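Q: Structure below; questions to follow.
The values are calculated or read from the model by the stated rules, or taken from the named source; none is laboratory data. These numbers were taken from a predicted model, which means no experiment stands behind them. Cβ: placed from backbone, ideal geometry, glycine included. Neighbour counts: every protein chain shown.
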Amino acid sequence: MAFEKLSHSIHELNSNIQAYMHSNAEYYKLKAFKQGMKGATSLVRFLILGFLLSTAGILLSFALAIVISEAIGVPSAGYFIVGGFYLLVFILIFIFGKEPIEKLLLRKFSNVVFNENDD
């Protein structure tokens, strides 16, 4: 009788351990999926906003180049001035911008992925 109770308890313990491991694995799968989706949606949002901002920047650059060209009186001067400004900004970002941009992106995406307060 005691042997049967012990055998039944061991069998029940084994079932409980297996159920715990299964639910634990499912929890971590769900958590990984949630974090992955938060990162993916944040990336897609970032790309869409970047595309729209780039489009607006291009159109405003053309408008500014036309205004400068009309003000100076030389048709291509405005385009060269705006192009030179963007070349200068590119060189400055290339030289000085790597570390600040990496910090900004790491901070933004780590807040999105690892923030557990918005369940």
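Q: If you take the residues of region 46-76 that are among the β-branched types (Val, Ile, Thr) and assigned to a helix (DSSP H, G or I), which of them is surrounded by the most Cβ atoms within 10 Å (Cβ to Cβ)? I'd like the intermediate steps shown before the answer.
A: Within region 46-76, the first condition is being among the β-branched types (Val, Ile, Thr), and the residues that meet it are 48, 55, 58, 66-68, 72, 74.
Checking the rest, the ones that are also assigned to a helix (DSSP H, G or I) come to 48, 55, 58, 66-68, 72.
Working: ILE48: 10, THR55: 10, ILE58: 10, ILE66: 14, VAL67: 12, ILE68: 16, ILE72: 12.
In this case the residue turns out to be ILE68.
Conditions tested, residue by residue: (1) closer than 24 Å to PHE114 by Cα; (2) under 17 Å from the mean Cα position of the chain (by Cα); (3) aromatic (Phe, Trp, Tyr); (4) modelled with pLDDT under 90.
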{"residue": "GLU4", "(1), (2), (3), (4)": "no, no, no, yes"}
{"residue": "VAL44", "(1), (2), (3), (4)": "yes, yes, no, no"}
{"residue": "LEU49", "(1), (2), (3), (4)": "yes, yes, no, no"}
{"residue": "SER61", "(1), (2), (3), (4)": "no, no, no, no"}
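Q: May I pose another question? Return the pair list, or none, for Cβ contacts closer than 9 Å from residues in region 87-112 that are at pLDDT 90 or above to residues that are in a helix (DSSP H, G or I), at least 6 apart or on different chains.
A: So the pair list comes out as ILE93/ILE101.
Q: A follow-up question, please. Of all residues in region 1-59, how many are closer than 25 Å to LEU106 by Cβ and either in contact with a helix residue (DSSP H, G or I) (Cβ under 6 Å, 6 or more places away or on another chain) or of a type in the set (Lys, Arg) (or both)?
A: Total meeting the criteria: 7.
Q: Considering each residue of region 63-109, count those that are acidic (Asp, Glu) and under 19 Å from the mean Cα position of the chain (by Cα), and give that number.
A: Keep residues of region 63-109 that are acidic (Asp, Glu), which gives 70, 99, 102.
Retained after the next criterion (residues that are under 19 Å from the mean Cα position of the chain (by Cα)): 99, 102.
Qualifying residue count for the region: 2.
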